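To start, the structure itself, in structure tokens.
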Amino acid sequence: DPLQVRLMQTCLGLINVAVVFHLGSRLFGRLMGTVAAVLLALFGSMFFYEGLLVMESLLVTLVLVGGTSLLLSTITSRYRTVLIAAAAFLLGLATLGRGTVLLLVPVAIGIVWTGRVPQARSEVRATRLHASLLLILWGLVLLPALIHNGRHGAYWTITTNAGVNFYAGNNPESNGRF
């Protein structure tokens, strides 16, 4: 039922607002967290995409929660490995939806590498292990799709929308609307 999907996407939008509030509050204080959450809640494009049966709502949630996990791993040492693993898994899932999320790999490695200044040799080793964990888990999430697409003639790609966008943009019967 399309209504149930739209309701789920609206719930994802509410989760996004809560995550932005939490992240903003942790990084910049409660006032900035509130301002950021209100701005996201009033952002018109989010309303638009939450009402459509497209994956943008899920994609924003995956990237937002994955990025939040990654950033929180830099300010806490208690659950750092778990947060990095969660970030790798969520960002890997987001990459399956939009291949352009792969552009975040160097950013994520940079956050893991520079998020905490290592003080001792053991911390340098732990930072390297965490960066390796991020890459390996992200890659493991993508591996089944790569293998499947490679076996079915998709040249080992993760995902692409180029054909659909090219067709819609050059189709004489296209109206330019969703």
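Worth pointing out:
- Elements of type helices (runs of 4 or more DSSP H) in segment 1-91, at least 1 residues being closer than 27 Å to residue 123 by Cα: 2-28, 56-73
- The condition (being buried (at least 17 other Cβ atoms within 10 Å of the Cβ) and under 19 Å from residue 11 (Cβ atoms)) is satisfied by just one residue among 90, 104, 83: 90.
- Residue identified as farther than 24 Å from residue 115 by Cα and touching a residue at least 40 places away in the same chain (Cβ under 8 Å) among 3, 27, 12, 39: 12
- Count of segment 6-21 residues which are β-branched (Val, Ile, Thr) and open to solvent by 70 Å² or more (accessible area, probe 1.4 Å): 1
- Selection count, segment 50-61, where residues are open to solvent by 70 Å² or more (accessible area, probe 1.4 Å) and either under 18 Å from the mean Cα position of the chain (by Cα) or without any contact (Cβ under 8 Å) to a residue 24 or more places away in the chain (or both): 1
- Candidate set from segment 104-123 (those that are of a type in the set (S, T, N, Q) and part of a helix (DSSP H, G or I)); member that is modelled with the highest pLDDT: 114
- Condition met for residue 172 (open to solvent by 50 Å² or more (accessible area, probe 1.4 Å) and modelled with pLDDT of 90 or more): no
The values are calculated or read from the model by the stated rules, or taken from the named source; none is laboratory data. Owing to the predicted nature of the structure, the values given are computational and were not obtained by experimental measurement. For neighbour counting, all protein chains shown are included, and Cβ atoms are generated from backbone atoms with ideal geometry for every residue, glycine included. Surface areas here come from the heavy atoms of the whole protein model, side chains and all, with no ligands, DNA or RNA. Shrake-Rupley method; radii C 1.70, N 1.55, O 1.52, S 1.80 Å.
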